[in-house]
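The values are calculated or read from the model by the stated rules, or taken from the named source; none is laboratory data. Remember, it's a predicted structure, so these values are computed and weren't measured experimentally. All Cβ positions, glycine included, derive from the backbone under ideal geometry; neighbour counts span all protein chains shown.
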Amino acid sequence: MSHLTNIIRKELRELLTPGSVASVLIMVVLFAGLGGLIGGEVEKASAIPIVGVANASAGDVVLPDGTSWSVYDSLCSYYTASGVDPDEIGDYVVTMESTGPDGIIGEMSSLGLTSAILVDSGFATDISSGTRGEITEYYVFEPTGMFGTVSSTAVSMVIQAMSSDLSSRLISSVSGDLDHTFLMSPIECGGNSINTVIDGTAHPGVTPQDVSGQITSQTMMIPIIIMIIIMMVGSIVISSMGSEKENKTLETLLTLPIKRTTVVTGKIVAAALVGLVYGLAYMVGMSIYMGSLMDPLSSGVDLGSLGLSLDIADYALVMLSMFMSIICALGICMVLGAFAKNYKSAQTMTMPLSLLAMIPMFIVMFSGWYSAGPALQAVTFAIPFSHPMMAMQALMYGDVGLVVAGLVYMAVFATATILATVRLYNSDILITGLGQNGLVQRITGRK
Amino acid sequence: MAQSMQQGPVDALVLEDVRKSYGNREAVHGISLTIREGEIFGLIGHNGAGKTTTLRMISTLLRITSGRISVYGHDVSTEPDRVREIISYLPEDAGAYKDLTGRAYLEFIARFFASGDEFDEMVAKGIALADLGDRIDSKVDTYSKGMMRRLLIARAIMPSPKLAIMDEVTSGLDVINAYEIREIIRGIAADGVTVVMSSHNMFEVDMLCDRVGMIDQGNLILVGTPSELKERFGVGTLEEVFVKAVKGE
């Protein structure tokens, strides 16, 4: 074996520890899961939409050549062309009884529809007389992640397809006195014809994308900042514990006339203060960065006018949620740090914490709490760092219960981890490590 | 010390059938021992014999599996906080917080023991004991091993403990540093501080300790003054006593 090979073998043995290999494997699994999550959301958002159709128009459109065109037939053609079995079109195109805005909103709610179109009462006569017929869109706003807003675009595409279909029928049967603009776009939609329903109130001229985009631009940085703070504070505390053990300052500290709870509290409070300072610094920096990034994409929708703004009490809840999550992180770190043998092993110990911070960030950003399934919601809720990530959106939607439940959960979690830390500080494990622990010896068979 | 002699020797440290197990492995097998106030007691034994485990149990760092340890009448298991007020423990190869200066480190420790004028006096005493000159204001991570050890000795002695526990206190030090540290230990013992120290250096133990305890495989196999032990084994050095005792000769 050459000297170089000898050195390389030694380095590889040091670098490829079970902890580092496990962390890489977990990252692979995490990113694979993330890919699946994003793929699922995109697929869900771009799926063929289910749309309610309220037709207030009297009869079909009579074209110049005497033939007729109906909204329902055109929709059927579109869905059939999109691959929907003709026998199942009723599952996608839901005929509604109502012909007015209030009735439509109520019927959408009872039928569980998130999108519907209302064909104007004068639609057929307008078209027949050479005037653009109007179709109004209704969307029930649903909180989603980054990809969730594409669904309303899909319905708009259906209307555009209908417009094109009618246009081609008109052109083929045209008589010379019709306006070319009308022939190219005989159906009027978009603009104030779009209504987004929030808390049972229709907001004309606002699309779900506008609302979702505006909320995203205001809340997107929160999960990122929380993740950064958790990882940073966690790394500080665990590394501090690793250094204390490596330099044997911990043994000195533990034989000084101070209570173990004082040592634990001192470390947690100091790290929490550092975390808050870092948090504020990151918040300012990220606000500027995200502001410049999101401003061009901002829809300019005033969330306040839609009842989606936060007041002082809401911001206080968000800050409290952030603080509690930092305390939870520090509790976990103190437990993990107790097992760190030295500075190097302490770095590996930060891995579980990083994962716990990244998982809810991805879930909240890409899927969103409200559109996640029960299993994913359970996982998200169980991770304490999820709560400040979700708090701002939850408060915008008026879901104070979720935020308060999160605070209670975090308080219980933090208390449990701090008690566990004090217990560890009063045990031999802090000095001897896990190798001398009776239970570990029984499990591993080592003495 | 003189006052104690007049009133009769006080038991500074008492170990009664002390045992320590890690899982199924017993590292210390029922050690019993009494150390009197002002004594310098040396624990000797080869690596892994149980010296550090014993010192850590006395220092409240490790829990006792069975038996009892009392420091000046205070039980280490039931009154650990009280015990920590009267002991100082100096681990083998101990370090200090590297971002602090020597002075800041002594101040950090002194704040756990005193305030006001008493604090200032304690820090001044620590600085004098460390005897690092201007380097007391240098960062600890710039110190040599000898300077670090002097600082830590000063840290351990500065609060005037009743019992100082020192693990391999001069290990790895040059002749001058080791000599000066031994002189410091002699000085504090003369002032009435009880010292329990472990060492592999038999010459040092012979010169410094009033009594010696020899640990082998977790058992206390010998206790006595250096001269008693040498006489019992008919040899001239503690090193020879150690070898004969371990080999069962």
Residue list for segment A:357-382, restricted to those being outside any helix (DSSP H, G or I) and surrounded by 22 or more Cβ atoms within 10 Å (Cβ to Cβ): A:G368, A:W369
message: Looking only at residues that are in contact with a Ser or Thr (Cβ under 6 Å, 6 or more places away or on another chain) and at the interface with another protein chain (Cβ under 10 Å from one of its Cβ atoms) in segment B:66-83, which one is surrounded by the most Cβ atoms within 10 Å (Cβ to Cβ)?
response: B:V83
- request: Quick one: count up the residues across segment B:167-180 that are surrounded by fewer than 19 Cβ atoms within 10 Å (Cβ to Cβ) and among the β-branched types (V, I, T).
  value: 2
message: Six or more apart or on different chains, Cβ atoms under 8 Å: show the pairs whose first residue is in segment A:1-20 and at pLDDT below 70 and whose second is among the aromatic types (F, W, Y).
response: none
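Out of segment B:16-49, which residues are small (G, A, S) and within 13 Å of chain A (Cβ to nearest Cβ)?
B:S21, B:G23, B:A27, B:G48, listed by residue number.
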- request: Would you be able to say whether some residue in segment B:203-222 is under 26 Å from B:D131 (Cα atoms), under 13 Å from the mean Cα position of the chain (by Cα) and in a strand (DSSP E or B)?
  value: no
query: Out of all the residues in segment B:2-13, is one or more in contact with a strand residue (DSSP E or B) (Cβ under 9 Å, 6 or more places away or on another chain), among the polar types (S, T, N, Q), closer than 30 Å to B:M202 by Cβ and at the interface with chain A (Cβ under 9 Å from one of its Cβ atoms)?
result: no
query: Can you pull out the residues in segment A:57-68 that are surrounded by fewer than 20 Cβ atoms within 10 Å (Cβ to Cβ), touching a residue at least 12 places away in the same chain (Cβ under 8 Å) and either among the β-branched types (V, I, T) or within 22 Å of A:L118 (Cβ to Cβ) (or both)?
result: A:A58, A:G59, A:D60, A:V62, A:T67
task: Look at A:T99 and say whether it is closer than 26 Å to A:S156 by Cβ and at pLDDT 85 or above.
output: no
- request: Within segment B:57-86, count every residue that is charged (D, E, K, R) and modelled with pLDDT of 95 or more.
  value: 2
- request: Can you confirm whether segment A:312-325 contains a residue that is in the same structural domain as A:V233 (by TED's automatic domain parsing), under 30 Å from A:V211 (Cα atoms), surrounded by fewer than 22 Cβ atoms within 10 Å (Cβ to Cβ) and of a type in the set (D, E, K, R)?
  value: yes
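Can you list the helices (runs of 4 or more DSSP H) found entirely within segment A:142-239 that contain at least 3 residues being buried (at least 19 other Cβ atoms within 10 Å of the Cβ), in contact with a Leu (Cβ under 8 Å, 6 or more places away or on another chain) and modelled with pLDDT of 80 or more?
A:150-172
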message: Please go through segment A:264-281 and give me each residue that is β-branched (V, I, T), under 21 Å from B:F112 (Cα atoms) and surrounded by fewer than 18 Cβ atoms within 10 Å (Cβ to Cβ), ordered by number.
response: A:T265, A:V269
query: For B:A154, which of the numbered conditions (1) in a loop (DSSP other than H, G, I, E, B); (2) of a type outside the set (S, T, N, Q); (3) crowded, with 17+ Cβ neighbours inside 10 Å fails to hold?
result: (1)
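Starting from residues that are facing chain B (nearest Cβ under 9 Å) and in a helix (DSSP H, G or I), keep the ones in segment A:245-259 and report whichever is modelled with the lowest pLDDT.
Among residues in segment A:245-259 that are facing chain B (nearest Cβ under 9 Å) and in a helix (DSSP H, G or I), the one modelled with the lowest pLDDT is A:E246.
Here is a check on your reading of the model: is A:G213 within 14 Å of chain B (Cβ to nearest Cβ) and small (G, A, S)?
Here the answer is no, as A:G213 does not meet what is asked.
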query: What number of residues within segment B:48-66 satisfy the criterion of being farther than 18 Å from B:K162 by Cβ, without any contact (Cβ under 8 Å) to a residue 60 or more places away in the chain and out of contact with any Leu (no Cβ under 7 Å at 6 or more places or on another chain)?
result: 6
message: Kindly evaluate B:G95 against the criterion of being small (G, A, S), under 22 Å from B:M197 (Cβ atoms) and within 12 Å of chain A (Cβ to nearest Cβ).
response: yes
